[in-house]
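Okay, structure first, notes after.
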Amino acid sequence: MTQTSEPLKLQKVDYEKLNARQKETYNFQKMSGRLADYGFTCILLSDDWKGADFLAYHFSKEIMLKVQLKARLTFQGKYRGLDLHIGFRDGERYYLYPHDTLRHELHEAGFVTPDSPVQWRENWNRTWNYVPKTIRPYLEKYEI
């Protein structure tokens, strides 16, 4: 790599052309930047720790969030009880929601019924390729 005194000619990346690892790095950087606006410093972990891809520490030193990055709105039984937040991108919107809390909110609102698939009803496993209109109001308070 050589240094030059010429101006940089930067081009924005096409997110859709990134590989899975590049998308995760991109989403971490975007999420980290958004959280900085709220007083957080983020540390990317080289390996998942207690389900987290990164840690977010608040400047007050009173809040530490364990965050799992996802490509979409997701719930997984393996994250249940781990005090995890799920961070994901939906277009230009970024969300950071407490996994168990939002799952309970959706359950109480009737999104988990006796007729729901067993994977969602009992194992907590559910993902959506897009945020359903019916769920968006429950998610809005977690937009960052």
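Among the residues making up segment 91-107, a single one is farther than 25 Å from residue 121 by Cβ and either assigned to a helix (DSSP H, G or I) or hydrophobic (A, V, I, L, M, F, W, C) (or both): 96. Across segment 28-42, the qualifying residues are those that are in contact with a helix residue (DSSP H, G or I) (Cβ under 9 Å, 6 or more places away or on another chain) and of a type outside the set (Ser, Thr, Tyr), and the one among them that is farthest from residue 77 (Cα to Cα) is 40.
Here is a yes/no grid of residues against (1) over 28 Å from residue 134 (Cα atoms); (2) over 18 Å from the mean Cα position of the chain (by Cα); (3) modelled with pLDDT under 95:
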position: 23; (1), (2), (3): no, no, yes
position: 42; (1), (2), (3): yes, no, no
position: 62; (1), (2), (3): yes, yes, yes
position: 71; (1), (2), (3): no, no, yes
position: 81; (1), (2), (3): no, no, no
position: 118; (1), (2), (3): no, yes, yes
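The single condition among (1) touching a residue at least 40 places away in the same chain (Cβ under 8 Å); (2) surrounded by 15 or more Cβ atoms within 10 Å (Cβ to Cβ); (3) within 19 Å of residue 36 (Cα to Cα) that residue 143 does not meet is (2).
Evaluation of residue 120 against the conditions (1) under 20 Å from residue 25 (Cα atoms); (2) of a type outside the set (D, E, K, R); (3) crowded, with 18+ Cβ neighbours inside 10 Å shows that the sole unmet condition is (1).
Okay, residues lined up against (1) touching a His at 6+ places or on another chain (Cβ under 7 Å); (2) farther than 23 Å from residue 20 by Cα; (3) not polar (S, T, N, Q):
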residue	(1), (2), (3)
54	no, no, yes
73	no, no, yes
84	yes, no, yes
89	no, no, yes
92	no, no, yes
96	yes, no, yes
101	no, yes, no
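Filtering segment 77-87 for residues that are under 30 Å from residue 12 (Cα atoms) and either surrounded by fewer than 13 Cβ atoms within 10 Å (Cβ to Cβ) or in contact with a Ser or Thr (Cβ under 7 Å, 6 or more places away or on another chain) (or both) leaves a non-empty set. Please verify whether residue 62 is surrounded by 10 or more Cβ atoms within 10 Å (Cβ to Cβ) and acidic (Asp, Glu), treating the condition exactly as stated. When the stated conditions are applied, residue 62 does not pass them.
The values are calculated or read from the model by the stated rules, or taken from the named source; none is laboratory data. Note that the structure is a prediction, hence the values are computed from the model and not measured. Here Cβ is always computed from backbone atoms with ideal geometry, including for glycine, and neighbour counts include all displayed protein chains.
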